[in-house]
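Structure, as structure tokens:
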Amino acid sequence: DAGVTQSPTHLIKTRGQQVTLRCSPKSGHDTVSWYQQALGQGPQFIFQYYEEEERQRGNFPDRFSGHQFPNYSSELNVNALLLGDSALYLCASSLDRGHGGYTFGSGTRLTVV
Amino acid sequence: GESVGLHLPTLSVQEGDNSIINCAYSNSASDYFIWYKQESGKGPQFIIDIRSNMDKRQGQRVTVLLNKTVKHLSLQIAATQPGDSAVYFCAESPGGGADGLTFGKGTHLIIQP
């Protein structure tokens, strides 16, 4: 049974560009959450998608947006990239908005130059 | 893989000893708490969780203690093994796990042979 899969694993973008990261949840999970983890820090909650809608959002600007598809997979989009957006982006899936616990993927390492 | 242990508090223990990792959480409304282990280049891995109606929960070689009065959480690892070397994060959620998780700063556990 595959866990949470994220793609790509590494990505280098130029300041001002746009990026899309992808996540496939663990089989049977219907909720996807995204986190940003700067080097040496704990993950920070970006937002959560359930039933194809953004249900909750952390303290991140509108440059960060997302989408959930009918098969529960999700995308994270970041526009107008800043150097400070360089981080590990983690996807976590869960059942019923987290009541069953969260499973994390290995993340996408984004470097903005 | 990249290190997630930079600039984090470090706990160094001898192999075979017990480890205690502490965490102070911030939100009095949090009612669900989780400990995660993160190895270099990987996403956080679930260790054990506890709900606010409990003050202790045991798993295999791990015990979590919750003190709601002082908003303190601890993770005890018995008979520490080399494979326990990682960064450990506590996380809290006010929605029984349904809301986004707020992670602590993390502790880098180093096992000495």
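Apolar share of the accessible surface for the protein assembly as shown: 47 percent from carbon plus sulfur atoms, 1.4 Å probe. Each label point was placed 7 Å from the Cα along the Cα-to-Cβ direction; for B:Q45 and B:Q14 their separation is 2.6 nm. At q = 0.19, 0.22, 0.24 Å⁻¹, work out log10 I(q)/I(0) for chain B with the Debye formula, treating every Cα as an identical point scatterer and leaving solvent out; two decimals please. Treating every Cα as an identical point scatterer, log10 I(q)/I(0) equals -0.97, -1.24, -1.41.
Between B:K105 and A:N71, what's the calculated FRET efficiency when r is the beta-carbon distance and R0 is 41 Å? Round to 0.05. Walk me through the numbers on the way to the answer.
Values: r = 36 Å, r/R0 = 0.87.
FRET efficiency, B:K105 to A:N71: 0.70.
Computed from protein heavy atoms with a 1.4 Å probe, the total accessible area buried between A and B is close to 1700 Å². For the protein assembly as shown, the percent of C-alpha pairs falling in each 5 Å distance bin, counted from 0 to the bin holding the largest distance, reads 1, 7, 15, 19, 19, 17, 12, 7, 3, 1, 0. The B:K56 and B:Q81 beta-carbon pair, evaluated with R₀ = 25 Å, returns a calculated FRET efficiency of approximately 0.65. Taking trypsin sites (Lys or Arg not before Pro) across segment A:5-113, none is in a DSSP loop with at most 10 further Cβ atoms lying within 10 angstrom of its Cβ.
Label sites at A:H10 and A:R63, each approximated as a point 7 angstrom past Cα along Cα to Cβ, lie 2.4 nm apart. Comparing B:V13, B:V70, B:V62 in a Gaussian network model of chain B (Cα springs below 10 Å), the most mobile by mean-square fluctuation is B:V70. Each of the peptides A:84-96, B:21-33 was scored by the mean count of other Cβ atoms within 10 Å over its residues; in descending order, highest first, they stand as A:84-96, B:21-33. Distance between the pseudo-spin-label points of B:N27 and A:E51 (7 Å out from Cα toward the beta carbon): 2.1 nm. So what is the accessible area of segment A:1-101 per residue, in Å², with the probe set to 1.4 Å? Computed with neighbouring chains in place, this is 48 Å² per residue.
So for chain A, averaging the separation of alpha carbon pairs under 8 Å that are six or more residues apart and normalising by length, what relative contact order in percent results? If you can, show how the numbers build up before the last one.
On the way: 304 pairs, mean separation 41.4, N = 113.
Relative contact order comes out at 37 percent.
Remark: chain B carries 48 Å² of accessible area per residue (probe radius 1.4 Å; ligands, DNA and RNA excluded).
Of the three principal axes defined by the Cα atoms of chain A, the extents in descending order read 37, 26, 24 Å.
Assuming a ≥ b ≥ c are the square roots of the Cα gyration tensor eigenvalues, decide whether segment B:47-113 counts as rounded (a/c under 1.5), prolate (otherwise, with a/b larger than b/c) or oblate. Prolate.
The values are calculated or read from the model by the stated rules, or taken from the named source; none is laboratory data. Treat the numbers as computed from the prediction; the structure is a model and nothing was measured. Note that we place each Cβ from the backbone using ideal geometry, even for glycine, and neighbour counts take in every protein chain shown. Ligands, DNA and RNA are excluded from the accessible area calculation, which covers all protein heavy atoms including side chains. Shrake-Rupley method; radii C 1.70, N 1.55, O 1.52, S 1.80 Å.
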